[in-house]
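The values are calculated or read from the model by the stated rules, or taken from the named source; none is laboratory data. Computed from a predicted structure; not experimentally measured. All Cβ positions, glycine included, derive from the backbone under ideal geometry; neighbour counts span all protein chains shown.
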């Protein structure tokens, strides 16, 4: 990206800024800027994100590390706030437009009672999104009418979706989504079963040989780093010696019930059925003191993992920490985890494995949210990590399941997997991307479980041995570092990854996501999300190269007027898994999560801008608040 068009706001007054999208009309330049005079990457780049090469993605990753957006969190404190508090409403929030642009909308929004960022020409589309015409979330009338004891009062009164046309779902409206069509497999006759079994055996032999080759390369690379006197490891984070040398006595396990009971909590295994027949396992954690009386929180894991991922960091596990804070914690799983059944299909049926992230967003997440809302009577906070965020962004988008946005108090995205990072262009993913043809992919990786050899290893090898072997393999694949983790816990962490997943899901990531670099269409400036989108917080690591968070923040701030972006936190030197497994995750990440839940559980009201005559006084008080904020 040596040659680029400079779309910065340094032009003369009255100039226009076209932006990096195909269908974006010229936009007048605004005076407010949150980047201290520097133009954002979306304004600088000439190449659209969906067309970027590996070198472009690596440049984006470097830019994310060197010029993070949001509050910069490091060493257990906020090192720097982004921009002037008075430049935009709500402190670190952003409502999709610049501060000066949003200020011009305030009178209109307050007068007509619509949500921030909704221009007059957009209101006719409200029925398409499945929302009824009602006062905006931030209007004075709406705030007077809200009663949060029963959240069903302000959940859309329309019935649950049973038909595709309900709540605005249009099967033909995929122009904003990089859609992935799952094949429709026929009923399995005896002949088809025999042919499929033969192909699966061949696929198993080939993928097992390939995986073993990668494992040998990973272990050799791992050993070479230790014996190479010139290799410099990253400096490990300072850890309390007592905590580092602590012996808890817990064993390696794949059971959520074991970890919950070991640390003095109760774990209730609940089953939730989706509209398309899958049964999901949800673990409800109960604190013996609070007995589930707190605000409900849903935790959703990422790819190749399950709910136990949030429970393997001892008392500092996100699930247990939230439980100790008094919240009612539900840790959910996607379809096929824990070998959960389907109403009609067996695990040997390819239709049992025929799903991707779209099916998770359309069926799994709505079923989980509806279950928690129906069980508690309160709108829960949703916390997703990695794929758990990407699927929720997809679910909340136009035309998928925007209705569930009205049933969430907040959406907290940890390491959001919306924009791809450069890791998916490196070996061995660069080889897997060559199998773009569905027929070739199915021939090599099968149409059922992806890499079934991993499941065999998990069942045959002792848990401690599998955990130790998985460490160098996943470090080799994803480039993970261990400087943010307690070394004694690392094998236990990786005992909870490499779990059975659909071959179709991995095919989506290698054929669609890694080529378009985003789950949505980045060539269009048309908003992806409707007005029902809940208050949002984004936590991303500046050293994360698997997915990138900064492009998502820039997209939401500039082109998503319906999204209430309350909090953006850039975690210094955090990689993809560090925000849930890091030694300092509690003070650097979890406290911000708690703040977000507390700010939004009774409805989110943005901070109003003061009058210009009181600007100096407000600026002084804002700086004092930043200094005393508890992180």
_What's the total number of residues in segment 264-293 that are assigned to a loop (DSSP other than H, G, I, E, B) and under 24 Å from the mean Cα position of the chain (by Cα)?_
3
*Does residue 390 meet the test of being surrounded by fewer than 24 Cβ atoms within 10 Å (Cβ to Cβ), closer than 17 Å to residue 528 by Cβ, touching a helix residue (DSSP H, G or I) at 6+ places or on another chain (Cβ under 7 Å) and touching a residue at least 60 places away in the same chain (Cβ under 8 Å)?*
no
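Against the condition in contact with a helix residue (DSSP H, G or I) (Cβ under 9 Å, 6 or more places away or on another chain), closer than 19 Å to residue 581 by Cα and surrounded by fewer than 20 Cβ atoms within 10 Å (Cβ to Cβ), how does residue 314 come out, does it pass?
Numbers: in contact with a helix residue (DSSP H, G or I) (Cβ under 9 Å, 6 or more places away or on another chain): yes; closer than 19 Å to residue 581 by Cα: yes; surrounded by fewer than 20 Cβ atoms within 10 Å (Cβ to Cβ): yes.
It is true that residue 314 is in contact with a helix residue (DSSP H, G or I) (Cβ under 9 Å, 6 or more places away or on another chain), closer than 19 Å to residue 581 by Cα and surrounded by fewer than 20 Cβ atoms within 10 Å (Cβ to Cβ).
Confirm whether residue 299 is within 21 Å of residue 504 (Cβ to Cβ) and under 21 Å from the mean Cα position of the chain (by Cα). Walk me through it before giving the result.
On the way: within 21 Å of residue 504 (Cβ to Cβ): no; under 21 Å from the mean Cα position of the chain (by Cα): yes.
It is false that residue 299 is within 21 Å of residue 504 (Cβ to Cβ) and under 21 Å from the mean Cα position of the chain (by Cα).
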*Does any residue of segment 321-331 turn out to be at pLDDT 95 or above, out of contact with any helix residue (DSSP H, G or I) (no Cβ under 9 Å at 6 or more places or on another chain) and part of a loop (DSSP other than H, G, I, E, B)?*
no
*Take the residues of segment 529-543 that are in a loop (DSSP other than H, G, I, E, B) and in contact with a helix residue (DSSP H, G or I) (Cβ under 8 Å, 6 or more places away or on another chain): which is surrounded by the fewest Cβ atoms within 10 Å (Cβ to Cβ)?*
543
*Some residue of segment 516-525 being assigned to a helix (DSSP H, G or I), out of contact with any strand residue (DSSP E or B) (no Cβ under 6 Å at 6 or more places or on another chain) and modelled with pLDDT of 85 or more*: yes
*In this structure, does residue 294 turn out to be under 21 Å from residue 494 (Cβ atoms) and either crowded, with 20+ Cβ neighbours inside 10 Å or in contact with a helix residue (DSSP H, G or I) (Cβ under 9 Å, 6 or more places away or on another chain) (or both)?*
no
*Members of segment 182-207 that are under 30 Å from residue 395 (Cα atoms) and loosely packed, with under 11 Cβ neighbours inside 10 Å*: 184, 186, 187
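Do the conditions hold for residue 582, that is, is it modelled with pLDDT of 85 or more, touching a strand residue (DSSP E or B) at 6+ places or on another chain (Cβ under 9 Å) and farther than 19 Å from residue 329 by Cα? So that I can check it myself, show each step before the final result.
On the way: modelled with pLDDT of 85 or more: yes; touching a strand residue (DSSP E or B) at 6+ places or on another chain (Cβ under 9 Å): yes; farther than 19 Å from residue 329 by Cα: yes.
Judged against the criteria, residue 582 is a match.
Residue-by-condition table, conditions (1) over 19 Å from residue 546 (Cα atoms); (2) out of contact with any strand residue (DSSP E or B) (no Cβ under 7 Å at 6 or more places or on another chain); (3) modelled with pLDDT under 95; (4) not in a helix (DSSP H, G or I):
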position: 366; (1), (2), (3), (4): yes, yes, no, no
position: 370; (1), (2), (3), (4): yes, yes, no, no
position: 384; (1), (2), (3), (4): no, no, no, yes
position: 388; (1), (2), (3), (4): no, no, no, no
position: 398; (1), (2), (3), (4): yes, yes, yes, yes
position: 442; (1), (2), (3), (4): yes, yes, yes, no
position: 453; (1), (2), (3), (4): yes, yes, yes, no
position: 458; (1), (2), (3), (4): yes, yes, yes, no
position: 473; (1), (2), (3), (4): no, yes, yes, no
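Quick one: is residue 303 in contact with a strand residue (DSSP E or B) (Cβ under 6 Å, 6 or more places away or on another chain) and either at negative phi or surrounded by fewer than 23 Cβ atoms within 10 Å (Cβ to Cβ) (or both)? Can you show your working first?
Numbers: in contact with a strand residue (DSSP E or B) (Cβ under 6 Å, 6 or more places away or on another chain): no; either at negative phi or surrounded by fewer than 23 Cβ atoms within 10 Å (Cβ to Cβ) (or both): yes.
Criteria not met by residue 303.
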*Residue list for segment 479-506, restricted to those being at pLDDT below 90 and either assigned to a helix (DSSP H, G or I) or over 25 Å from the mean Cα position of the chain (by Cα) (or both)*: 487, 488, 489, 490, 491, 492, 493, 494, 495, 496
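Residues checked against (1) exposed (fewer than 13 other Cβ atoms within 10 Å of the Cβ); (2) at pLDDT 90 or above; (3) farther than 30 Å from residue 375 by Cα:
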{"position": "148", "(1), (2), (3)": "no, no, no"}
{"position": "157", "(1), (2), (3)": "yes, no, no"}
{"position": "172", "(1), (2), (3)": "yes, no, yes"}
{"position": "209", "(1), (2), (3)": "yes, yes, yes"}
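Would you confirm, using the coordinates I've provided, whether residue 596 is surrounded by 20 or more Cβ atoms within 10 Å (Cβ to Cβ), at pLDDT below 95, closer than 20 Å to residue 300 by Cβ and under 17 Å from the mean Cα position of the chain (by Cα)? Please lay out each step first, then the result.
On the way: surrounded by 20 or more Cβ atoms within 10 Å (Cβ to Cβ): yes; at pLDDT below 95: no; closer than 20 Å to residue 300 by Cβ: yes; under 17 Å from the mean Cα position of the chain (by Cα): yes.
When the stated conditions are applied, residue 596 does not pass them.
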